[in-house]
Amino acid sequence: MEVEREKSRLHGKLALGGLAVVVGVAMAGRAAFAVPITAKVLKVDVTSAYNPCTASDTMSNSGYSACLNPTLADPLCKFTVRGKGKVRLVATHDNVNVFGIVTDIEPGCSGQVLDLIASFRVTTDDCPPNTSPAQSCTLADFVDFPLGNCTVSQAGNCEVLTTINVPAPALVGLEKHAGIELFGCGFKRTSGTDLPSRTFSCGIKVP
């Protein structure tokens, strides 16, 4: 019951979110590095992930190099015609709430485990260890870092609800400032065979 109440509370907060390029964890005082006055929420849709075009064999009508016959990065787990997904990050005073969901995935993916992954860079005033006053530093990039995982239900849904300090302990906190630049995110299947580099990617569909 407590878990469901927490989900309801966080869902309510996340529903207010807009798109941001940098997530800033806001705390008392001011960071020693350049940060925007506000950057608390990032919200992005999820789309199908395709393999890259590495050997162009055609051109688009608009003049861009292309490859015919595009292939899904993960043919086992794909959206039905009603499929969709979202990823949201919401900065609090001492953490970042993380929410990701994909719905209406084809039945062949039922029971598979999907990791919610993100690539990002963190600049903080939390360096070096055991030093006062602390200094600003940029951490080594996190590349396809797993934030949490879920198992695809028989209904074809998969939901992750966590905070960034769960997979990355003490990454952000009350006594330090942090700017988090997001380079990419999505879901990646980590069970079964023929594991893909990505299953679903953060992105948009036009139109």
Give the peptides 196-206, 54-64 in descending order of average Cβ contacts within 10 Å, highest first.
196-206, 54-64
Using θ = phi - 60° and the Karplus form 6.51 cos²θ - 1.76 cosθ + 1.60, what ³J(HN,Hα) does each residue of the range 52-68 get, whole Hz, x for Gly and Pro?
x, 8, 10, 9, 4, 10, 6, 9, 7, 4, 8, x, 9, 4, 8, 10, 6
Integer Hz, Karplus 6.51/-1.76/1.60 couplings in order for the range 129-141, x for Gly and Pro:
x, 6, 10, 10, x, 5, 10, 6, 7, 10, 6, 4, 4
Measure up 40/205; 86/188; 40/78 against 20 Å on the Cα-Cα distance and list the ones that go over.
40/205; 40/78
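FYI, it's all coordinate maths here, none of it is from the lab. Note that the structure is a prediction, hence the values are computed from the model and not measured. For neighbour counting, all protein chains shown are included, and Cβ atoms are generated from backbone atoms with ideal geometry for every residue, glycine included.
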